[in-house]
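Following: one structure in structure tokens, then a few remarks.
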Amino acid sequence: MKSIKKLLHQAAVALESEIETVREKPSTEILFNGVKTKTAPADSFDYKFDCHQPSIRFAEEIKATFGEKSYTIHPVSFEDNEVVLRFPEDLESTISTIHLEWENDFVLKRTLSEIMKLQDLDDGVEQRLERLFKPSDAAIPFDESIKEDGLRNDAQRDAIEKAMVRRTLFVWGPPGTGKTDTLGYIIANYLNSGKKVLFASNTNRAVDVGLISSLHALNVIGVNINPEKISRFGDAALKSDLLENHLFDGQIESAITKQKEEAGEWVDLLSRREKALRAVEKRLKNGKQPTSNQELELKLIDQKIKDAGGLEILEDRLEELSHVNERKELWKKQLVATTLAKVCTSDLFHDLDFDAVVVDESSMANLPYLMVLAAHAKWHMVVVGDPMQLPPIALTSDHDAREFLEKDIFTTVSGAETGEDLFSWHDENPGFTSFFDTQYRLESSLADVISTVFYEGRLKTGKTTDDTGTLTLNDRAFHLVNTSKYGPYLLQKEGERGFKPVNSVHQEVIERLLKNMAGRGILMEQVGVIVPFRSVVYDLRNRLYEAGIRNVEVGTIHTFQGREKDYIIFDTVMSGEQQHGRIRHYSVRPLDEDKNGLSVPRLLNVAFSRSKRELVVIADMEHINKMYGEKFLGRLLKRIG
């Protein structure tokens, strides 16, 4: 393992490279069916769109193209996969399609700034980073018994117990194994022991879910904490009554109101003094002396002001009571829940220490993020995630920078290059690692496949097919549609740069399949379509829209990370490409481990584990057998075929 100072230097260099790339390659998105809202101020017009790119909320400005006109617009809010964009002109009541482009470097720049500060670290902060990258079995005394709901399985209870005594704990939880519920009890036990906790995750939705889980756990184990001591910092994605009293912005408004009420007596006193002085001045201008009542009133008012410390001190106190020190308010909290990006970008977190830092979905977080989070962890750091799910992503073409930014904390600390290596690391370090071995979400038939292919057969199922109703395809939770008999082939989009494949046969199969599902009474909101390439997302969205199929979510594997649908269609897209009258077969980076290493099983694991009821895979098996026969994709499809 490299020294901490060397890791920090690598982080700074990698972030600089990523920032340069992001500026050269702006983020893009196509949004549909924007609806005008009534919330915009004068001379502005707000439109709400469905959007699955949360990074858009960090854009300082966005170039929007609508028809033949372009506008400079700004994001107003992003909540629950809906973005509100502010336009300078009134376009129409609805916007059918709009193309967006923006520079997405704000979070990167602020994170780089935090990393630069850490390079001048003192011994205490260096030890915190050491504990993250070089964990040990070193323990902190904890003489109490943990509290939980009695429903935790052995692995989950073991993780809670370890979290209370270990300086660093890595919790490896595959999909549906109860990670979020259990981290709720970890946080509740920290709070019960009087510790101050920072909980962070990648997305606002994940933060909300984790905080709600913690609030539920606190209620179950009977720990009463003043709601003002628990704060949701940043924009909540979920509309929940449970979160309402904990929103930081609302807490600040309440504090200001309370202070204004506290200042009311003094404001009234100064107002009475001003009024009395004006009355006296008026009599003096008219050549009259103040009345005895006026003199007495002024004397009483001045005495009260003197008792309060004098006029100057009283005015200073009123100035202080007219606003709230947000950093001071944040420091008063016992539990703060927010995103990783907020911790890295908000000045309010500068130099704030927490007894425990808990990070969910940490296998998706890049190392610089986790370095910043670790610097806030005084006693404990709990790292929760699944190293067999998607790792972080980077855009830079610099090999060393990209390799650093796309490495997750689990493989970094373990030195693992394969899934087998990860399990060996876990088996050799039971003191600071925990593996959740029972899943409760997937149908058992699909879970068995995923366990065998991705988790060495260690993943058990704690639910049965009957838990979610009768399946419709061969009494299995998965089905393979082999398109080889339809003669599929790829074409490249004309005039486009990069790899932009079009598989018309597969698109037609998806359209027919969705219509059949609708005919079976399945709501399109219950269905997600996953494809490996972003360009295919746009093509497929347009085709389905024109076919009258609405409300189906279409996205890449990364789009669906951490999420689920009742029904998932996964289109592998790849077939042989038609070139000059011939069909040429080749493999591609997202699906070939010879080109993409451990990322391939991670990508496939995410794609295959998003469905709660039924998974349908569309694949040209002649092409798959030819190019991926003994690779992960080929072996996986043979298992479900």
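The values are calculated or read from the model by the stated rules, or taken from the named source; none is laboratory data. A quick note: this is a predicted structure, and the numbers were derived from the prediction, not measured. Please note: Cβ atoms are built from the backbone with ideal geometry, for glycine as well, and neighbour counts cover all protein chains shown.
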Looking at the range 487-497, is at least one residue hydroxyl-bearing (S, T, Y), in the same structural domain as V552 (by TED's automatic domain parsing), out of contact with any helix residue (DSSP H, G or I) (no Cβ under 7 Å at 6 or more places or on another chain) and in a loop (DSSP other than H, G, I, E, B)?
yes
What number goes with the only condition from (1) farther than 24 Å from A447 by Cα; (2) of a type outside the set (D, E); (3) modelled with pLDDT under 95 that T483 does not pass?
(3)
The condition of being closer than 25 Å to Q439 by Cβ, in a loop (DSSP other than H, G, I, E, B) and assigned by TED's automatic domain parsing to the domain that holds G498 holds, among G562, G634, only for G562
In the range 54-91, how many are closer than 21 Å to N202 by Cβ, crowded, with 19+ Cβ neighbours inside 10 Å, in contact with a Leu (Cβ under 9 Å, 6 or more places away or on another chain) and in contact (Cβ under 8 Å) with a residue 40 or more places away in the chain?
3
Every pair of residues 6+ apart whose Cβ atoms lie under 6 Å, when the first sits in the range 342-370 and is surrounded by 24 or more Cβ atoms within 10 Å (Cβ to Cβ) while the second is part of a strand (DSSP E or B) and not hydrophobic (A, V, I, L, M, F, W, C)
A356/H380; D360/S201; S362/G385; S363/G385
Looking at the range 498-510, which of its residues are out of contact with any Pro (no Cβ under 8 Å at 6 or more places or on another chain), surrounded by 17 or more Cβ atoms within 10 Å (Cβ to Cβ), of a type outside the set (V, I, T) and part of a helix (DSSP H, G or I)?
Q507
Within the range 221-259, considering residues that are buried (at least 18 other Cβ atoms within 10 Å of the Cβ) and in a loop (DSSP other than H, G, I, E, B), the one modelled with the lowest pLDDT
A237
Candidate set from the range 135-166 (those that are over 26 Å from the mean Cα position of the chain (by Cα) and closer than 12 Å to H380 by Cβ); member that is surrounded by the fewest Cβ atoms within 10 Å (Cβ to Cβ)
I140
Go through L169, L108 for me and flag whichever is buried (at least 22 other Cβ atoms within 10 Å of the Cβ) and in contact with a Lys or Arg (Cβ under 8 Å, 6 or more places away or on another chain).
L169
Selection from the range 512-549 of residues that are among the charged types (D, E, K, R) and closer than 20 Å to F560 by Cα:
E525, R534, D539, R541
Quick test of your reading of the structure: E553 fulfils all but one of (1) free of Cβ contacts under 8 Å to residues at least 60 places away in the same chain; (2) farther than 19 Å from H623 by Cα; (3) touching a strand residue (DSSP E or B) at 6+ places or on another chain (Cβ under 8 Å). Name the failing condition by number.
(1)
By my count, helices (runs of 4 or more DSSP H) wholly in the range 298-399 with at least 1 residues that are under 18 Å from the mean Cα position of the chain (by Cα) are 340-345, 367-374
